[in-house]
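Colleague: What follows is a structure written as structure tokens; I'll ask about it next.
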Amino acid sequence: MMQAEAPVLAVFASDKGPGDPERSSIMSQAGTYLAKRGARIVCLAESGVVPVPLITAARAAGGDVLIIADATVMLPQALAGVSMEVVADRAERMARIGQMADAYVALPGSLASVSGLFGAWAAGRALGKHAPVVMLNRHRAYDAVRGFAADVLSHSLAGHERAVQFSDSIEDMWSRVSRLVHEAR
């Protein structure tokens with residue numbers, strides 16, 4: 001049996017701002033879990049927000065990580081050697097991520113991470129890519145988005161229930177992502 005090509009997952013996460021103090025731990029767990037399953041991880045870094053725990057854990061587990069960053073991002077020493085593409089224009093950053101992603105993963109984070117997710121997803125769709133979104137709804141982090149998807153997306157996006165999914169655990173998130181990516185290939 002042939003080994004399937006590793007999926008490229010655009011992972012959006014942040015431990016900045018108010019909210020769940022467990023976010024760093026969730027990022028670390030997700031980074032390790034995804035890397036051990038062979039996922040290639042692409043992260044957005046802009047305005048000083050870099051998902052350090054996610055990237056550090058993924059690399060420690062042998063994962064392949066690429067950072068798409070704005071010109072202001074200075075990586076901490078812990079991330080020395082991580083591949084990074086600096087793209088000055090935000091629309092071009094979003095398009096680059098949208099072009100690469102087989103799926104989008106949203107971990108509980110801040111408004112900045114959700115904004116980045118939407119920007120990359122919209123840019124990907126504009127390029128003709130219809131990669132699914134899976135959100136880790138830990139501690140009901142994405143209940144408002146779930147309600148929006150049911151109320152708004154259901155009327156404007158055919159197959160919205162497959163395009164945007166929610167999970168309650170990292171294991172379920174991976175199961176959904178890997179199934180959706182496999183079905184799309």
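Only the coordinates and a few stated rules stand behind these numbers; no lab work does. Being a predicted model, the structure only gives us computed values, none of them experimental. Virtual Cβ from ideal backbone geometry, glycine too; neighbours counted across all protein chains shown.
Colleague: For segment 80-89, what does the Karplus curve 6.51 cos²θ - 1.76 cosθ + 1.60, with θ = phi - 60°, yield as ³J(HN,Hα) per residue in whole Hz, taken in order and with x for Gly and Pro?
Modeller: 4, x, 6, 5, 9, 10, 9, 10, 5, 8
Colleague: Same structure again: Give me the compactness ratio for segment 14-94, meaning the Cα radius of gyration over 2.2 N^0.38 Å.
Modeller: For segment 14-94, the normalised Cα radius of gyration is 1.07.
Colleague: Check which residues have an amide H placed less than 5 Å from Ala45's amide H, if you skip close sequence neighbours.
Modeller: Long-range HN contacts for Ala45: Ile68, Ala69, Asp70.
Colleague: Report the extension gain between Ala88 and Lys129 in nm, rounded to one decimal, defined as 0.36 nm multiplied by the number of residues separating them, less their alpha carbon distance. Write out the running numbers ahead of the final one.
Modeller: Numbers: separation 41, 0.36 × 41 = 14.76 nm, distance 2.27 nm.
That works out to 12.5 nm of additional length.
Colleague: Could you give me the ³J(HN,Hα) list for segment 21-31, computed from phi with Karplus coefficients 6.51, -1.76, 1.60 and θ = phi - 60°, whole Hz, x at Gly and Pro?
Modeller: Coupling constants for segment 21-31: x, 7, 4, 4, 5, 4, 4, 4, 4, 5, x Hz.
Colleague: Just to check I understand the Karplus step: with θ = phi - 60° and J = 6.51 cos²θ - 1.76 cosθ + 1.60, what whole-Hz values come out for segment 94-99, glycine and proline as x?
Modeller: 4, 5, 5, 5, x, 5
Colleague: Right, here's the next one. List the residues whose amide H sits under 5 Å from the amide H of Met84, counting only those 5 or more places along or on another chain, with H placed 1.01 Å from N in the peptide plane.
Modeller: Ile67
Colleague: For the chain, set up a GNM with springs between Cα atoms under 10 Å and report which of Asp102, Asp70, Asp172 has the largest fluctuation.
Modeller: Maximum among the listed residues: Asp172.
Colleague: Have a look at Thr32, Thr72, Thr56 and tell me which one the Gaussian network model of the chain (Cα, springs below 10 Å) gives the largest fluctuation.
Modeller: Of Thr32, Thr72, Thr56, the most mobile in the Gaussian network model is Thr72.
Colleague: Follow-up question, since we're still on this one. Take the Cα atoms of the chain, build their convex hull, and give its volume per residue in Å³.
Modeller: Hull volume over Cα atoms, normalised by residue count, gives 113 Å³.
Colleague: Rounded to the nearest 5, what % of the DSSP beta bridges within segment 1-89 are antiparallel ones?
Modeller: Antiparallel bridges make up about 5 percent of those DSSP assigns within segment 1-89.
Colleague: Also, quick follow-up: Taking the Cα centre of the chain as origin, sum charge times position over the Cβ atoms of Lys and Arg (+1) and Asp and Glu (-1), and report the length of that vector in debye to the nearest 20.
Modeller: Around 200 debye, computed over the chain.
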